[in-house]
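Have a look at the structure below, then the notes.
The values are calculated or read from the model by the stated rules, or taken from the named source; none is laboratory data. For clarity, every value in this text was computed on a predicted model and none was experimentally measured. Don't worry about glycine lacking a Cβ; one is built from the backbone with ideal geometry, like all the others, and counts go over all protein chains shown.
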Amino acid sequence: MKEVPAGPAAAEMEEKKNLTPKERLQIPTQVMREQEPGERIRNVKEVPFGYTDDQAKIEASRCLQCKKAPCVAGCPVSIDIPAFIKYIHEGDYKNAVHTIKNTNILPAICGRVCPQEEQCQKGCVVGKSLGGTDKAVQIGKLERFVADWEMSQGKADPPAIKPATGKRVAIVGSGPAGLTVAADVRREGHEVTVFEALHKPGGVLIYGIPEFRLPKAIVMREVENLKAMGVEMKYNMVIGNIHSVDELFAAGYDAAFVATGAGLPMFMRIDGENLNGVYSANEFLTRANLMKAYSFPATDTPIARSKNVAVFGGGNVAMDSARTALRLGAENVYLVYRRSKTEMPARIEEVHHAEQEGVQFLLLQNPLRIVGDDKGWVKQVECIKMELGEPDDSGRRRPVPIEGSEYMLEVDTCIVAIGNSSNPLIPDTTPDIETNKWGNIIVQEATMKTSKKGVFAGGDIVLGAATVILAMGQGRIAAAAINEYLATGKW
Amino acid sequence: MNRIIEKEFITPEVFRMRIEAPEIAAKRKAGQFIILRVAEEGERIPLTIADGSAGEGWIELVVQIVGKTTKLLSMLEAGGSILDLVGPLGKPTHIENVGTVVVVGGGVGIAPAHPIAQAMKKAGNRVISILGGRNRDLVIMEKQMKAASDRVMITTDDGSYGMKGLVTDAIQKLIDEGLKINLVVAVGPPIMMKFVSLLTKKYEIPTLVSLNTIMVDGTGMCGACRVSVGSKTKFVCVDGPEFDAHQVDFDGMMQRQKMYQVQEKEAMENLKK
Ligand SMILES: Cc1cc2nc3c(=O)[nH]c(=O)nc-3n(C[C@H](O)[C@H](O)[C@H](O)COP(=O)(O)OP(=O)(O)OC[C@H]3O[C@@H](n4cnc5c(N)ncnc54)[C@H](O)[C@@H]3O)c2cc1C
Ligand SMILES: Cc1cc2nc3c(=O)[nH]c(=O)nc-3n(C[C@H](O)[C@H](O)[C@H](O)COP(=O)(O)OP(=O)(O)OC[C@H]3O[C@@H](n4cnc5c(N)ncnc54)[C@H](O)[C@@H]3O)c2cc1C
Ligand code: SF4
Ligand code: SF4
Ligand code: FES
């Protein structure tokens, strides 16, 4: 394992209580120890080990405690970042966790999966002064550190629950949006039931994001905490099929929160997409994560035994698919992306990890068709090279195909990771919930109210495929509005 | 956890299982299915709801043992329970009084054909059911189908029971008798549905088939169940399982069903050990 310079020893730091900003800027960024790439692609364990105590304190000492902290403005749930970092520096981890949990109930998760370089760490003054977001105070890693510390302390104290109100709230979907609302609404003393379609809770956190990036035990623990608060979890319940939203109201629920996510996989509509060996990223990741196909035949759900894999896309979902394919034993994993690396929407850390592990990036290329053998299995994919032209609506330079540059890539598996759109089950069965042309539920942003009385919505079903923290942020807004609605009865 | 109320082998390979599931029983309609899991590390498998009672709160499945999960399921007994059971999934069969409906069930497909025949009859149709099997042992639920139909025809590949031949021969016979068929509903092995479809297309008889593609979630999230219908990609678990037979790419579907053949065989052999 790679040894990482620990910087000045923590004890030494303690002595220097009053460092000048200049001195703080000289403290090196602390890097988490990680499993070596060659080793980690043979297991599904988490890649980084997390900070040591010393590392956390040193990293915390890099923070300048800015008055008008731009980091807080960059965090979608406005965590009081300088405050929690100060607590870490002082070794008061308990208060550090409490500070975070005031606005974010899932710090162990966000610390691991937030795109920090686009959010809290983007505006960090330290990063700006040192000329790079990678040199910013490592807010996410600190957040992860204290959250993990809390878990290592055994059972977390469940938050206080107000006296029972007799009101009942139905939450549809147990992803980050649903879990956030469950906690916030339960605390007000309302009865909460979470209905989940799958046999396990967590949404994308369980079926999508792989174990090596987000250990499932963390998600399950958060759910246990909710249960300890008295939240009722009901699995194997597809709302829309077993009960409609209207039937939930008829059964005595006073409000509903729809957080069904963006679980509808998009395909590319190219020839050969229904050949054997072509997966949506959702299917591939669900088989691997939720169904643990990586342990087949010890577990029962099979997955392709691939040698050469092409993954189409450049986001987190594509990186997760590519890195999962490696862990399943593929020899060559190609990531085919039509723009260049700078345009990739994936978190920088994921791109970096994927490269280290040997994922082969085929940038500025696009698949044209998938070719099968005589038994209907994927044999090749035809790709074309691209160049960047004029900026398009999104402000990114539009990739244009280079004529005559087509070539064949030999693969036996293709994974389509070009995105997900919203799950239509609830809107289809509840026509008075209005949706936009992409099928996302329309809400009033200040309250997350839908067009239907008593029904709120948030997360990916509203935002389209977005992020964990944005889903949670909407959940918080919705929970506050639900609590108010239940208290006043005013819609 | 759902309690198993009854289990009984109908043939050495096919069993029926009655399971306590009051919410599903109250909601289910003909044509819908459930997905279940029998073990913590187990697979999710789809099975059609063959019968049910809202009043008594149970549903019934009729299952053919083809691989590891169906084998494990067959080993559970009354009094035991199913780890996970989710449903009802899929769109219900569109039930309407169209006149004369021919309901075709092949092998274990007779079980899912049964609630369709019942519902079609209840809607006022004249229902003719055709039950097909490779041999006498594989023709199941004859009694129930008789109760749900105006007329029942039976075919076996080897002639050991009913008329010798395939279900398509029975359909042809009805056509030759000069019967005006308004709708055919066929449930069974894909190859059977394909040939039923080819035949009814020739005579321009509207035909529905219930597809049994490989599935994982059953909620439209993964796309494992996709099939080409009228050259558009459809998800069987949410857009189906029933489709206009004349639009379905059966060859593509049969190919996709073979995706895990090697692994499935291994799993079964491991289980035998
Ligand atoms: C592979 C992958 C990697 C990602 N990586 C990151 C990352 O690194 N960082 C990041 O911030 N974001 C990431 N994201 C995005 C992030 O996971 C999502 O934005 C977030 O999970 C959305 O939360 P949600 O609560 O809205 O919905 P989901 O997490 O999608 O949860 C919705 C839940 O609702 C259930 N459901 C759906 N319909 C019904 C119904 N009718 N009845 C009952 N239950 C229903 C679903 O089964 C699911 O459990 C990733 C997404 C994927 C797919
Ligand atoms: C909507 C629907 C309704 C169904 N209803 C019934 C029913 O009422 N009774 C019944 O006996 N069977 C039914 N099936 C088929 C049943 O799901 C499969 O037989 C079962 O999944 C096989 O699992 P296994 O582990 O025992 O066998 P495996 O070892 O997984 O597979 C053995 C064989 O079954 C095929 N198969 C595997 N998985 C599936 C799957 N998910 N769907 C279809 N075929 C598969 C394989 O191609 C293989 O040939 C239905 C399938 C669908 C999609
Ligand atoms: S929740 Fe996410 S964005 Fe906010 S501080 Fe934590 S890591 Fe940064
Ligand atoms: S911007 Fe950076 S240095 Fe300033 S308070 Fe936030 S984390 Fe600390
Ligand atoms: S089974 Fe996953 S989409 Fe149909």
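Taking the stretch B:21-64 on its own, how many of its residues are within 13 Å of the chain's Cα centre (by Cα) and at positive phi?
The total comes to 1.
The rows are residues; the columns are (1) hydrophobic (A, V, I, L, M, F, W, C); (2) part of a helix (DSSP H, G or I); (3) buried (at least 21 other Cβ atoms within 10 Å of the Cβ); (4) outside the structural domain of A:I218 (by TED's automatic domain parsing).
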residue	(1), (2), (3), (4)
A:I79	yes, no, yes, yes
A:G91	no, no, no, yes
A:H98	no, yes, no, yes
A:V126	yes, yes, yes, yes
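I'd like the residue in the stretch B:214-273 that is within 21 Å of the chain's Cα centre (by Cα) and among the acidic types (D, E) and, out of all such residues, is nearest to ligand 3 (Cβ to nearest atom).
B:D217
Here are the criteria: (1) touching a Leu at 6+ places or on another chain (Cβ under 8 Å); (2) within 16 Å of ligand 5 (Cβ to nearest atom). Tell me which single one A:E406 does not satisfy.
For A:E406, the failing item is (2).
Filtering the stretch A:151-206 down to residues that are in a helix (DSSP H, G or I) and hydroxyl-bearing (S, T, Y), which residue is nearest to ligand 1 (Cβ to nearest atom)?
A:T180
Going by the conditions given, is A:T103 hydroxyl-bearing (S, T, Y) and in a helix (DSSP H, G or I)?
When the stated conditions are applied, A:T103 does not pass them.
Which condition number does A:L142 fail, the rest of (1) within 21 Å of the chain's Cα centre (by Cα); (2) surrounded by fewer than 18 Cβ atoms within 10 Å (Cβ to Cβ) being met?
Evaluating A:L142 over (1) within 21 Å of the chain's Cα centre (by Cα); (2) surrounded by fewer than 18 Cβ atoms within 10 Å (Cβ to Cβ) leaves (2) as the failure.
With B:I175, B:I214 as the choices, which residue is among the β-branched types (V, I, T) and more than 13 Å from chain A (Cβ to nearest Cβ)?
From the options B:I175, B:I214, the qualifying one is B:I175.
When you look at A:A262, is it more than 14 Å from chain B (Cβ to nearest Cβ) and at pLDDT 90 or above, yes or no?
Here the answer is no, as A:A262 does not meet what is asked.
Could you please find all residues in the stretch A:372-411 being surrounded by 14 or more Cβ atoms within 10 Å (Cβ to Cβ), outside any strand (DSSP E or B) and within 12 Å of another protein chain (Cβ to nearest Cβ)?
A:G376, the sole residue that qualifies.
Say we look at the stretch A:58-77 and pick out the residues that are part of a helix (DSSP H, G or I) and among the β-branched types (V, I, T); which of these is nearest to the chain's Cα centre (by Cα)?
Step by step, filter the stretch A:58-77, then rank; the result is A:V72.
Take the residues in the stretch B:149-171 that are in a helix (DSSP H, G or I) and out of contact with any Leu (no Cβ under 7 Å at 6 or more places or on another chain); name whichever of them is surrounded by the most Cβ atoms within 10 Å (Cβ to Cβ).
Looking at residues that are in a helix (DSSP H, G or I) and out of contact with any Leu (no Cβ under 7 Å at 6 or more places or on another chain), I get B:V167.
If you go through the stretch B:239-273 one residue at a time, how many are crowded, with 16+ Cβ neighbours inside 10 Å, within 13 Å of chain A (Cβ to nearest Cβ) and not in a helix (DSSP H, G or I)?
Of the residues in that region, 4 qualify.
Would you confirm whether any residue within the stretch A:359-367 is among the polar types (S, T, N, Q) and touching a helix residue (DSSP H, G or I) at 6+ places or on another chain (Cβ under 8 Å)?
No; the residues of the stretch A:359-367 include none that is among the polar types (S, T, N, Q) and touching a helix residue (DSSP H, G or I) at 6+ places or on another chain (Cβ under 8 Å).
When you scan the stretch A:436-444, do you find a residue that is assigned by TED's automatic domain parsing to the domain that holds A:G202, aliphatic (A, V, I, L, M) and in a helix (DSSP H, G or I), even just one?
No, the stretch A:436-444 has no match at all.
What strands (runs of 3 or more DSSP E), lying completely within the stretch B:12-85, carry at least 3 residues that are under 21 Å from B:C225 (Cα atoms) and either free of Cβ contacts under 8 Å to residues at least 60 places away in the same chain or within 14 Å of chain A (Cβ to nearest Cβ) (or both)?
Answer list for the stretch B:12-85: B:33-37, B:45-48, B:58-64.
I'd like to verify a number: residues in the stretch B:122-143 that are in a helix (DSSP H, G or I) and touching a residue at least 40 places away in the same chain (Cβ under 8 Å), how many?
2
Return the residue satisfying two criteria in turn: it lies in the stretch A:207-218 and is assigned to a helix (DSSP H, G or I) and more than 16 Å from ligand 3 (Cβ to nearest atom), and of such residues it is farthest from A:G140 (Cα to Cα).
A:Y207
For residues that are among the hydrophobic types (A, V, I, L, M, F, W, C) and within 9 Å of chain B (Cβ to nearest Cβ), scanning just the stretch A:267-282, find the one that is surrounded by the most Cβ atoms within 10 Å (Cβ to Cβ).
A:L275
Output the number of residues of the stretch B:215-266 satisfying the condition of being within 14 Å of ligand 5 (Cβ to nearest atom) and without any contact (Cβ under 8 Å) to a residue 12 or more places away in the chain.
5
In the set A:Q30, A:Q55, which member is closer than 17 Å to A:D134 by Cβ, in a helix (DSSP H, G or I) and modelled with pLDDT of 90 or more?
Result of the check over A:Q30, A:Q55: A:Q55.
Okay, residues lined up against (1) more than 16 Å from ligand 3 (Cβ to nearest atom); (2) closer than 30 Å to A:L368 by Cβ; (3) of a type in the set (D, E, K, R):
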position	(1), (2), (3)
A:S405	yes, yes, no
A:M408	yes, yes, no
A:I415	yes, yes, no
A:G419	yes, yes, no
A:T450	yes, no, no
A:A465	yes, yes, no
A:E484	yes, no, yes
